[in-house]
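Working notes, structure below.
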Amino acid sequence: MSTAPVAKVSKKIPELQHRNFRDDEFWKKIPAWASVTRDQFGDHLWQLKNSIRKVDQVKKVLGNLVSDEIVKDIEEGQKITPMNIRITPYIFALIDWKDPINDPLRKQFLPLGSQFLPDHPYYKEDSLHEDEDSPVPMLTHRYPDKVLFLPTTLCPVYCSYCTRSRLIGGSTEAVEKESYGANQKNWDKVFDYIAKNPLIEDVVISGGDSYMLTPDQIRYIGESLLKIPHIRRIRYATKGIAIFPMKITSDEAWFQALKDVHAFGRSFGKQVVIHTHFSSPKEITKWSVLAMDKLFQEGFIVRNQAVLQTGVNDSVDEMVLLIRQLSYMNIQPYYVYLHDMVPGCEHFRTTLKEAEELEKAMRGTTAGFNTPTFVCDLPGGGGKRHVASYEYYDEENGISIWTAPYVKPGAVFAYFDPIHKLSPEAQERWKDPKVYEKMIEDAKNHVIQKLGK
Ligand SMILES: *Cc1c(COP(=O)(O)O)cnc(C)c1O
Ligand code: SF4
């Protein structure tokens, strides 16, 4: 029997806390923005112009609010992280600068050198094999009836843990990239491929982030896809609502383009929805509610995909609060992902056991349709699987073995827990490739025998 601790609901969060949406002028605590008015702060152009893109801006904007140690630590972080810095003033001002070390927003967008851990030996830049499953550039076709289209490599913020750090944003000290921006030249080839494959009904438009597409590009992509007879559903994926709600409320040309595509789809019975990415209740304010009210009034369905991260949303209380607040704003919590095994994110990852326990504790706290599915997107391209559906789990050594019968028949996949969360003896085993390769082989054989192959 396992003796692992079971996640408990601590009741730290008052039952109705999720109905409080912060509406104070929190940005005025940032010295450089002390006299910025609500109207200015709510203007998407002001947000764009004042986005933080370099470490010296952090110091310039914060002045004495940030210590030299923290600035130095951020500089060290820039030498390791595969992602550029880009943070909207909205998110930057929501960071608790009295306690930046523990702040979940700072952790996501401004990594500290001192918090990085060595990469797991099985980390891969393209952990999910998106390039391998790509029939034409910018498109991943892994499942029979749905595809993933990456029309841009730009985002309004850069997350230090991005699963596509190999492509997204500009080169960093740690990684050279061939980012293609929003290169429209290749899009027609993608539409051609989709048009020639009648099984495809569903297109995820991601990136990068759809927020970075111009109104014309939003229209061009939406209309081109919706005109293909067999396409029934498209989803624009953007972290925007979470980190830059002012674009929804004040960029009328952009919002109009989105509305037009939505109306165009509906006019012949096709779905146009938005998938967004809130990770922490700390990102949610009255500004989020204003953006969502506007989207809801236009009839948009919005769903959320979060990544499970240590110190961001890995407690039952934070997760329940996140789910309740999203639901309250009419955002449907869709997925919570176990962290992908990509470079520079070992300090963020949880074990599979932690994810399973959190899932058990959270289920039952609200409506079933607002209860996210906890999934592991299998390294090697097996696709998304429910966290409890592994074939075998060597908890001691942090090795789980999975199959994906429909997506990759006959193949077995492995996911690994972060080494620093294992017992000291297990950590020792992970120092010797001969030892850990044997452990993985044994775990796989266990499953192959079980399945009778
Ligand atoms: C996630 C993903 C999709 C969409 O999957 P859903 O489970 O329907 O959200 C499609 N293609 C690829 C390659 C994906 O990674
Ligand atoms: S918004 Fe998405 S694609 Fe962009 S950096 Fe963050 S995780 Fe990566």
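What follows draws every value from the coordinates through simple rules; no lab data is involved. These numbers were taken from a predicted model, which means no experiment stands behind them. Here the Cβ positions follow ideal geometry from the backbone for every residue, glycine too, while neighbour counts run over all protein chains shown.
Some points to look at:
- Here the simple spin-label model places points 7 Å from the Cα toward Cβ, and for L48 and K28 these points are separated by 2.8 nm.
- Each part reduced to its alpha carbon centroid, region 243-295 and region 301-331 end up 18 Å apart.
- Projected over every direction and averaged, the convex hull enclosing the alpha-carbon atoms of region 291-421 yields 9.1 nm².
- Tail beyond 17 Å, pair distance distribution of region 390-453 (Cα, percent): 40
- Span per principal axis, largest first, for the Cα atoms of region 19-387 (Å): 59, 49, 45
- Region 390-453: relative contact order in percent, alpha carbon pairs under 8 Å with at least 6 residues between: 30
- In terms of surrounding Cβ atoms within a 10 Å radius of their Cβ, E359, E441, E76, E223 rank from fewest to most as E441, E223, E76, E359.
- Mean-position separation - Cα centroids, region 392-429 and region 337-363, in angstrom: 13
- Amide hydrogen proximity for D377: with H placed 1.01 Å from N in the peptide plane, the residues at 5 or more positions away or on another chain lying under 5 Å are L338, R385.
- Within the chain, percent of DSSP bridges classed antiparallel, to nearest 5: 40
- Structural descriptor for region 232-342: relative contact order 28 percent, calculated from alpha carbon pairs under 8 angstrom and at least 6 residues apart.
- Computed over the chain, the per-residue total of -39500 (n - 2.57) for DSSP H runs of n ≥ 4 gives a 222 nm mean residue ellipticity of -9500 deg cm²/dmol, rounded to 500.
- Taking other Cβ atoms within 10 Å as a rough exposure proxy, Y406, Y334 sort from fewest to most as Y406, Y334.
- Region 19-387 - percent relative contact order, Cα under 8 Å, separation 6 or more: 17
- In this simple spin-label model, placing a label point 7 Å from the Cα along the Cα-to-Cβ direction at both E69 and K227 gives a separation of 6.1 nm.
- Estimated dipole of the chain in Debye, rounded to 20 [Cβ of Lys and Arg +1, of Asp and Glu -1, Cα centre]: 1040
- Mean-position separation - Cα centroids, region 44-80 and region 93-163, in angstrom: 20
- Looking at region 293-437 alone, DSSP beta bridges between its own residues are antiparallel in about 55 percent of cases.
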